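Quick notes on the structure that follows.
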There are 2 protein chains.
Amino acid sequence: MRDVTKDTITDAFLTYLGEETDERLRFLLTKLVRHIHDFVKETELTHEEWRKALELLYKAGEISDPERNEFVLFSDVLGLSSLVDMVNSSPDGTPSSVLGPFHILGAPELPVGGDMKNENVGDTVVVGGRVLTANGQPIEGAEIEIWQTADNGLYSNQDATQPGYNLRARMTTDTVGRYLFSTIRPAPYTVPDDGPVGELLHATGRHPWRPSHLHFIVTADGYRRLVTEVFPSDDPYLDQDAVFGVREELIMTYRPQSDPSTLPDDLAIKDQLDGSFFVVDFDFVLSAA
Amino acid sequence: MRDVTKDTITDAFLTYLGEETDERLRFLLTKLVRHIHDFVKETELTHEEWRKALELLYKAGEISDPERNEFVLFSDVLGLSSLVDMVNSSPDGTPSSVLGPFHILGAPELPVGGDMKNENVGDTVVVGGRVLTANGQPIEGAEIEIWQTADNGLYSNQDATQPGYNLRARMTTDTVGRYLFSTIRPAPYTVPDDGPVGELLHATGRHPWRPSHLHFIVTADGYRRLVTEVFPSDDPYLDQDAVFGVREELIMTYRPQSDPSTLPDDLAIKDQLDGSFFVVDFDFVLSAA
C-alpha cells in the first residue's frame, strides 16, 4: 500500500503476510502488531521516546551473553515471564513459576533422604513431601530437580568459590511418591541491576530483590512437566518479588524444630542434627499430560 | 502482591511503580505493559513461542553493532518506525518518513544548482523545488540535507569503493526558497535479511526490497524539522515497501527531457547535458514550530 496512514498501517502489515505463513505465526503477528501499533497511537509516542526504547534494547544486546540474558530479565521484571507461566499453568496442578536463568543440566542424583547441604553455611532445613496426581494418588518414580542459592545469595554457576553443582540435585520419588532432602535455607537475592533493566528499575523506584526460594522441576511419564519455585512464608520480599513469581499456593512454612527423633529414619543426616533446624512439608500435584 | 494471577498481574506491575516515577514514563509503561500482557493472554502464548521471541531478540543483539542496528530494523519492518513518523507528522506540512540508519553528519555544502552526481554511473536527474510555509510563502535560508544510494543500491557508508560523502550534500535555499541539484537516479535496495529480521521476513513470505528514494532533512528557524524521503512514481516497489515508508504525497514524477535549455541557468552542469535526462519538481512544506 503506497498511501499508508496511521489508520491503515496495521492492515497494510497484514496484507504483507504471504499465504505460506504458518497460521499460528500469522495469528501471533496479527495480535502483536495490533497491540504495538495501538500502543504507539494511544501514547502518541515521540521519536525521542522511540529512540530511547530502541537504545535500551541495543544495550540489552550489548550486556547479554550465554551467562546473562538481559532480554529474559526484561521479560521477568515486566511480569511477562510470569504471565506466560500462568496462562500455561494447569488449573488442577501445583502452579508453575519462573524457571529463571540459573538452571543447569546434569545435577547429581541424590537418594530420597539425601543431604544437599554438605559444607554449606546456613540454617539446616529438612524439606519433604510427595508428588501426587490431581486425585491425590502418589506418583512413584517422578523425577525432581532441585536448585537454590547459597548463603551469599548466589547460585553455583554465578560463584567460582562454590563447588560445581553445589546445592543442586536430582531425586526420584519412592514407592509412596515421597521425596526428602536436607539443605540450607536459601537467601534472598537481587536480579542484576547494572544494565538497562536496572535503568528501568531505578527510574521507577523499584528494588531488584527476589524473595528466597527453592527451584523445582518435577517430571513423570504421563504428566505435564512442572517448573516452579517455593517460597518461605516469612520472607520480607514475598509481596514485592521483582519478577512476580510468588503464588499463594507456592508459599511453605519453615517450622522451627529441635527434636530430630520426629524425622523420618531415611534422612541421612538425622543422627548429626542437634539444636535447632527447620522442617518444610510441600506436596507437588502434577496434571495429566 | 503475593498471589498474582493472570487477572491481577498487570495491576501488580502498576503498584510497583514508585511515586518518583516520571508521569509520562508511568503512562508509557502502563500502556505498554497492558498491551503486552493482553497479547500474552489473548494468544495464550506458549513457553516455546516466548523462548523463540526472546531468542530473536538475543540474536538481534548479537548481530547489531554501531553500523547495523537490528532492533531499528525490526521496528521498521513491523511498521513501528513509520507509525511513529505518522503520529508525529504535522497535518499541514509535507509528511515525514523513515530516517533510516544511513544518515551521517558532515555532508559537504553545495550551492543551489550544484552537482552531486560527479563520477557516479546512472541516469542524470535534476531535482528542484522550493521550501514553503503552510501558507505557501517561500522560506529563505532553509537547510536541506540530501542523501541517497549509488547505482549499486548502496550508500557511501556501506561501500568502501565509494568516496566519502558520495551522493550526500547540504544546501541552503535562496531568497525565493529554492533548492536545485543534479544527481543520479537512486536504485531500489534491500534491507539486510541475513539476521533475525530476515528470519521473520522469510517465514512470512515477505521480500526485503525498498522502493528507490531520495532522503531529505529540511530545517529552518521557527519551523518543525522535517525528516522525509521522496519516491519515483514508476518504482516497482511503491506498493510493497518493506518498511512502510511511502506516502502518496511523497511520490514524485521523473519527467524525461532532452532539451537542457529549459533548465535554470544556475544549474552547474547545464552546459554538459546532452541526450536524455530526468527532471523532478518537489516542494517541501514546513509546519510552524
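No value in this document is a laboratory result; all are computed from the given coordinates. Computed from a predicted structure; not experimentally measured. In this analysis, Cβ positions are derived from the backbone assuming ideal geometry, glycine residues included, and neighbour counts consider all displayed protein chains.
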Considering only the label points, 7 Å along Cα→Cβ from Cα, what distances in nm to one decimal separate A:ASP271 from the same position in each other copy, shortest first?
11.1
Among B:PRO66, B:VAL87, B:GLY113, whose Cα projects farthest towards the positive end of the dipole of region B:42-139, with charges put on the beta-carbon of Lys, Arg (+1) and Asp, Glu (-1)?
B:GLY113
Inter-copy distances for A:HIS103, nm, shortest first, label points 7 Å along Cα→Cβ, are 4.5
One decimal, nm, shortest first: give the distances between the label point of B:THR21 and those of the same position in the other copies, each label point 7 Å from Cα along Cα→Cβ.
3.2
On Cα atoms only, tilt of A:23-43 relative to the major axis of chain A in degrees:
70 degrees
9 Å beta-carbon shell around B:PHE216, net charge (K/R +1, D/E -1)
-2
Within region A:87-124, find all residues whose amide N lies under 18 Å from a label point positioned 7 Å from the Cα of A:ARG224 along Cα-to-beta-carbon.
A:87-100
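Between beta-carbons, use under 11 Å as the cut-off and find the net charge around A:ASP76, counting Lys and Arg +1, Asp and Glu -1. Please list the in-between numbers first.
Details: positive: A:ARG210; negative: A:GLU70, A:ASP85, A:ASP241.
Charge balance in the 11 Å sphere: -2.
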Backbone N under 14 Å from the A:LYS41 label point (7 Å along Cα→Cβ), restricted to region A:1-27:
A:4-14
Other-chain or far-sequence residues with amide H under 5 Å of B:TYR254's (modelled H):
B:SER233, B:ASP234
Separation of region B:209-256 and region A:1-32 by C-alpha centroid, Å?
22 Å
Cα gyration tensor shape for region A:33-155, rounded if a/c is under 1.5, else prolate or oblate:
oblate
What distance in nm lies between label points placed 7 Å from Cα along the C-beta direction at B:LYS59 and A:GLU119?
4.4 nm
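Please give me the summed charge of the neighbours of A:ALA142: other residues whose Cβ is under 15 Å from its Cβ, Lys and Arg +1, Asp and Glu -1.
Details: positive: A:ARG130, A:ARG170, A:ARG178, A:ARG224, A:ARG225; negative: A:GLU109, A:GLU140, A:GLU143, A:GLU145, A:ASP174, A:ASP221, A:ASP283.
After counting each charged neighbour, the total is -2.
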CD proxy, 222 nm, chain A: helix-only mean residue ellipticity via -39,500 (n - 2.57) per DSSP H run with n ≥ 4, per residue, nearest 500, stands at -7500 deg cm²/dmol
When chain B is treated as a GNM, springs tying every alpha-carbon pair under 10 Å, which of B:PHE181, B:PHE39, B:PHE216 comes out with the largest mean-square fluctuation?
B:PHE39
Note, region A:184-190: 3J(HN,Hα) by Karplus (6.51, -1.76, 1.60, θ = phi - 60°), whole Hz, Gly/Pro = x, goes 10, 5, x, 9, x, 8, 9
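Pop the C-beta distance of A:GLU49 and A:ALA288 into the FRET formula with R0 = 41 Å and round what comes out to the nearest 0.05.
Values: r = 47 Å, r/R0 = 1.15.
Efficiency computed from Cβ-Cβ geometry: 0.30.
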Quote the convex hull volume per residue of chain A, based on C-alpha atoms, as a whole number of Å³.
168 Å³
For all pairs of alpha-carbon atoms in region A:1-45, what percent lies in each bin of width 10 Å, listed from the first bin to the last filled one?
26, 49, 23, 2
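Give the shape of the protein assembly as shown as rounded, prolate or oblate, defined through the alpha-carbon gyration tensor: a ≥ b ≥ c are the square roots of its eigenvalues, a/c under 1.5 means rounded, and otherwise the shape is prolate if a/b is larger than b/c and oblate if not. List each step's numbers first, then the result.
Details: a/c = 3.04, a/b = 2.92, b/c = 1.04.
The shape class here is prolate.
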Is there a pair in A:LYS41/B:LYS117; A:LYS117/B:LYS41; A:LYS6/A:LYS59; A:LYS31/A:LYS59; A:LYS41/B:LYS59; A:LYS117/B:LYS6 whose C-alpha atoms are over 31 Å apart, and which pairs would that be?
A:LYS41/B:LYS117; A:LYS117/B:LYS41; A:LYS117/B:LYS6
How many partner chain Cβ atoms sit within 10 Å of a residue's Cβ in peptide B:47-59, on average, as a whole number?
5
The distance between the Cα centres of region A:158-184 and region B:137-159, in whole Å, is 64 Å
For the rotation that superimposes chain A on chain B, which residue of A has the C-beta lying nearest to the axis, and at what distance in Å?
A:GLY61, 1
Chain A: relative contact order in percent, alpha carbon pairs under 8 Å with at least 6 residues between:
21 percent
Using only the alpha-carbon atoms, what does region A:13-94 span along each of its principal axes? Please give whole angstrom values in decreasing order.
46, 38, 27
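Calculate the dipole size of the protein assembly as shown relative to its Cα centre from +1 charges on Lys and Arg beta carbons and -1 charges on Asp and Glu beta carbons; express the result in debye to the nearest 20. Walk me through the numbers on the way to the answer.
Values: 48 positive and 96 negative charges, 76 e Å.
Charge dipole, the protein assembly as shown, about its Cα centre: 360 debye, nearest 20.
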Among A:ALA220, A:TYR189, A:THR149 the positive-end extreme of the charge dipole of region A:81-286 (Cβ point charges):
A:ALA220
Calculate the dipole size of region B:1-121 relative to its Cα centre from +1 charges on Lys and Arg beta carbons and -1 charges on Asp and Glu beta carbons; express the result in debye to the nearest 20.
220 debye
